[in-house]
Each structure stands twice: as structure tokens, then as C-alpha cells.
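The values are calculated or read from the model by the stated rules, or taken from the named source; none is laboratory data. Keep in mind that what you see is a predicted model, and the values were worked out from it rather than measured. Virtual Cβ from ideal backbone geometry, glycine too; neighbours counted across all protein chains shown.
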């Protein structure tokens with residue numbers, strides 16, 4: 001993986017290729033400063049200043065001593081996260097300097113992420129060469145480093161196949177993160193898991209010993225600070241259990257730990273920034289496998305919360321492991337709790353792959369997430385926790401069932417199931433995220449993706465104030 005400092009560096013007068021930005025409105029004035037030959041070169045390349053267009057222009061007609069680049073953006077005065085992403089992928093390898101510095105902050109993230117490659121398994125990685133961007137906005141550069149690194153963490157974890165990213169490997173990732181930030185980590189497995197987190201154990205008990213289930217907890221920060229809980233669904237592979245998925249639906253199930261990837265990445269942002277919070281991260285890590293001791297349709301599971309759950313579908317396992325994890329998180333009475341999960345196909349049917357479904361108990365938290373998502377080019381969409389649908393979770397033999405028949409309001413009903421395990425009065429938001437991009441866009445290659453991560457980071461920053469002193 002290409003290092004961040006090979007792609008964005010402070011501008012200290014290094015030799016660099018000028019990179020001009022324009023839009024269609026400003027193009028005539030910009031062209032007026034060029035020679036006739038340079039305008040002819042641009043015309044020959046069909047450059048009209050449209051967003052995402054690029055062109056190469058010689059410094060002076062016939063001189064042959066150098067060249068500069070020009071790119072079209074929607075608004076040169078207000079760069080967005082993805083406006084430079086097409087350039088980072090299309091321009092020749094080299095070092096560039098924006099000809100109009102000062103507004104590049106958000107765009108640095110897209111510049112970096114456009115050059116992301118997942119080449120872990122390639123014997124000959126197809127990297128065309130890095131494109132380095134120089135910047136004067138040092139504060140924005142550091143923020144871009146952190147956010148890009150968090151997105152990259154999600155992409156790498158989700159793109160890694162289940163054999164190399166099972167519960168044990170997810171634990172190793174969490175341990176490395178905790179060590180890097182001097183956090184404490186605690187892992188519950190085996191008999192203790194069966195006793196204290198019975199739904200996590202039940203879902204994961206059919207997996208091979210090397211992929212045994214566990215609950216991973218990280219704690220960091222001053223206990224006197226406001227408590228922030230981040231929970232991520234860590235189903236490292238989902239066969240569907242005894243209600244087995246067809247092979248077509250199983251093909252992408254390496255990404256079913258995408259919620260855990262989001263949780264770890266967001267935790268890295270919080271700790272890296274030194275925010276004044278008491279952070280509590282919880283990842284129930286399991287593989288939903290099939291064997292003689294797999295949990296069955298019709299079973300009734302006990303939960304850490306004391307509620308009994310009738311299993312009507314073993315393929316609705318994510319909400320089970322999250323139920324135990326959310327219960328544990330609420331025992332410390334967090335001031336804010338956010339969970340991430342690749343939970344339902346219903347959310348994708350409703351909102352497609354780009355928009356994560358967001359549920360929140362309070363309007364203030366929901367509106368904060370929506371606003372932060374728009375500000376950071378990471379939009380989400382609020383769906384309702386509609387009380388009228390709680391009756392769909394009723395069971396004839398237990399306190400509730402895990403998957404009602406009928407299919408109506410699937411994402412909302414799943415969120416309402418989780419709500420039963422969140423203590424009264426806890427400010428809670430839930431992301432039903434896809435964690436995957438089925439088709440590439442500039443800066444966003446096909447594969448694992450962070451959706452809702454940067455929106456959550458924006459809310460957390462605004463809610464909990466400035467970072468503590470390092």
C-alpha cells in the first residue's frame with residue numbers, strides 16, 4: 001500500500017508540475033492568459049472545463065522545456081472531497097502543485113483515496129506510479145491524513161478474504177490499534193463467552209476452532225471524560241447458518257464484518273486526535289458457519305440482557321451478536337453510542353449502495369449526522385424507529401423473535417430489535433451500512449468502502465469539542 005507521505009507533502013518549494021483548476025464559467029478568462037498554440041493544444045484534447053476533465057499543456061509553444069496540467073472542477077473556490085479524485089487517477093505520475101493554493105483541504109482526501117490499491121494478493125501489483133500533491137494547508141493535510149487512513153483501514157479489512165480476516169485476525173487488528181494508542185484491550189472467549197454473552201457464543205459456536213467466537217473490547221481515555229461507545233458487527237463470514245444463503249448471496253460475505261471495520265477505523269480517529277472522551281469499543285467477532293452444533297431455527301436463546309429470543313432465521317444473526325454487545329456497552333452508561341453493521345438487504349433495496357441507513361433516538365443526533373455527512377461528502381439517510389412496527393417482533397414462545405416473516409420494513413424492524421437491547425435514556429445511533437462499492441467512482445474503487453464513517457467522525461468532533469493536549 002502506498003504511504004500517505006508519498007502522496008501529500010508540505011510545500012517547501014520542491015520542483016513540481018503546476019496544476020491549474022477551472023470551471024466552465026471561468027474557462028474563457030483563464031484561456032485569455034495562454035498563447036494561441038496552448039489554446040490549440042487544449043482544443044485538440046477537447047478540454048471544456050467540465051468537472052473531471054484533464055489536459056496537458058506545454059509551458060510555451062514549441063519550447064519543449066516542460067508542461068503543466070489543467071483540470072475542470074465544479075467550483076475552484078470550494079473544493080469537495082472528490083473533485084481532485086479523477087486527476088489523481090488520470091494524470092501522469094509525478095509531483096504537482098496547485099496553482100491556486102488555499103482551498104484544497106477536503107480535496108486532499110479524495111486525492112489520496114483515488115490512488116488506493118488493494119494489492120495484497122497480486123504477485124505484480126499494477127501501480128501506475130504515485131502522484132504527489134504539495135500543499136500549504138498543513139492543518140488540512142494532517143486532517144486529511146487521518147481521515148484517509150481511516151477509510152483505507154475499512155477498505156483493507158473488508159477486502160481481505162474471510163480465511164485471512166476471521167475472528168482471530170480481527171482481534172489481532174484490534175490489539176495492534178490498542179497498542180498504537182496505549183489503550184487497554186480485553187477479549188472474552190470460550191466458557192466465559194457462553195456464560196456472559198450467550199447470543200454471541202450461539203452464533204459463532206459452529207465455526208472451526210481457529211475461527212472461534214469472541215467479544216473484543218477496547219477502552220481508552222480519561223474515565224472522567226464523557227463516555228463514547230462504538231460498536232461494530234464483526235461477522236467475519238456469513239453462510240446464513242442452517243438457513244443457508246445461496247452461493248450468489250454468499251459471494252460477498254467476507255464484507256459482513258464491515259461494521260467492525262468501521263468501528264475500529266472510527267476508534268483510530270478518536271484516539272489519534274486525542275479527543276477528550278472515555279472511549280469504549282466493542283466488536284463481537286464470529287463466523288456464522290454450519291456444523292452439527294450450529295444454532296437452529298426454533299431455538300430460544302438467552303441474551304446478556306436477560307431477554308429470550310426465538311430464532312426464526314439463522315441468517316438474521318448480526319442483530320443477535322449486536323444485542324449482547326450493545327447490552328454490555330450500555331452498562332457503562334455512554335453519553336453517545338454509535339453502532340455500525342452490514343445488517344439488512346432491506347436497507348440496500350430502500351437506499352441503494354451509496355447511502356447508509358441511519359437510525360437515531362434523538363433528532364439532535366440524527367440531524368448532526370446528516371449535516372456532518374453533507375459537509376464531509378459522506379451522506380447518510382435517516383430511516384424511522386417506528387413504534388408501530390415493534391409488534392412484528394412478538395414471539396409466541398419468547399420475549400421476541402429475531403426475524404419476522406413478511407419482509408415489510410426490514411431495516412426498521414432490525415433496528416427496533418437492536419433498540420430492545422439499548423438501555424433507556426442512552427443517546428444511540430445505528431448505521432445499517434453496505435461497506436461495499438459495487439461499481440467504481442473517482443476516488444472510490446470497487447470493493448470495500450467506508451459509508452457513514454466520516455459523517456460519524458464529524459458529529460463526534462462537534463459533540464465532544466477540541467482534542468486534549470498530546
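A compact table of results
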{"quantity": "Whichever residue in region 128-140 is free of Cβ contacts under 8 Å to residues at least 40 places away in the same chain and over 30 Å from residue 251 (Cβ atoms) and, among such residues, is nearest to the chain's Cα centre (by Cα)", "calculated": "140"}
{"quantity": "Tally, over region 291-308, of residues that are within 7 Å of residue 206 (Cα to Cα) and surrounded by 16 or more Cβ atoms within 10 Å (Cβ to Cβ)", "calculated": "1"}
{"quantity": "Which numbered condition residue 359 misses (of (1) part of a helix (DSSP H, G or I); (2) in contact with a helix residue (DSSP H, G or I) (Cβ under 9 Å, 6 or more places away or on another chain); (3) under 24 Å from residue 200 (Cα atoms))", "calculated": "(1)"}
{"quantity": "Residue check, residue 243 within 20 Å of residue 434 (Cβ to Cβ), more than 22 Å from the chain's Cα centre (by Cα) and surrounded by fewer than 20 Cβ atoms within 10 Å (Cβ to Cβ)", "calculated": "no"}
{"quantity": "Residue in region 426-433 that is over 19 Å from the mean Cα position of the chain (by Cα) and either at pLDDT 95 or above or not assigned by TED's automatic domain parsing to the domain that holds residue 230 (or both) present", "calculated": "yes"}
{"quantity": "Residue among 316, 346 that alone is outside any loop (DSSP other than H, G, I, E, B) and surrounded by 15 or more Cβ atoms within 10 Å (Cβ to Cβ)", "calculated": "346"}
{"quantity": "Residue check for residue 33: at positive phi, out of contact with any strand residue (DSSP E or B) (no Cβ under 7 Å at 6 or more places or on another chain) and not in a strand (DSSP E or B)", "calculated": "no"}
{"quantity": "Members of region 266-308 found to be touching a helix residue (DSSP H, G or I) at 6+ places or on another chain (Cβ under 7 Å), assigned to a loop (DSSP other than H, G, I, E, B) and closer than 25 Å to residue 151 by Cβ, listed by number", "calculated": "275, 276, 277"}
{"quantity": "Residue match in region 212-220 (condition: out of contact with any strand residue (DSSP E or B) (no Cβ under 9 Å at 6 or more places or on another chain) and either more than 13 Å from residue 279 (Cβ to Cβ) or in contact (Cβ under 8 Å) with a residue 40 or more places away in the chain (or both))", "calculated": "no"}
{"quantity": "Residue 392 crowded, with 16+ Cβ neighbours inside 10 Å, within 27 Å of residue 335 (Cβ to Cβ) and not assigned by TED's automatic domain parsing to the domain that holds residue 110", "calculated": "no"}
{"quantity": "Of all residues in region 2-39 being surrounded by 12 or more Cβ atoms within 10 Å (Cβ to Cβ) and over 38 Å from the mean Cα position of the chain (by Cα), the one that is nearest to residue 129 (Cα to Cα)", "calculated": "38"}
{"quantity": "Residue match in region 92-110 (condition: outside any helix (DSSP H, G or I), under 21 Å from residue 146 (Cα atoms), touching a residue at least 60 places away in the same chain (Cβ under 8 Å) and within 27 Å of the chain's Cα centre (by Cα))", "calculated": "yes"}
{"quantity": "Single unsatisfied condition, residue 71 versus (1) loosely packed, with under 15 Cβ neighbours inside 10 Å; (2) in contact with a helix residue (DSSP H, G or I) (Cβ under 9 Å, 6 or more places away or on another chain); (3) at pLDDT 90 or above", "calculated": "(1)"}
{"quantity": "Residue in region 249-259 that is in the same structural domain as residue 427 (by TED's automatic domain parsing) and assigned to a loop (DSSP other than H, G, I, E, B) present", "calculated": "yes"}
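Quick grid of which residues meet (1) in a loop (DSSP other than H, G, I, E, B); (2) modelled with pLDDT of 95 or more; (3) closer than 30 Å to residue 118 by Cα:
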{"position": "365", "(1), (2), (3)": "no, yes, no"}
{"position": "378", "(1), (2), (3)": "yes, yes, yes"}
{"position": "388", "(1), (2), (3)": "no, yes, no"}
{"position": "407", "(1), (2), (3)": "yes, no, no"}
{"position": "414", "(1), (2), (3)": "no, yes, no"}
{"position": "421", "(1), (2), (3)": "yes, yes, no"}
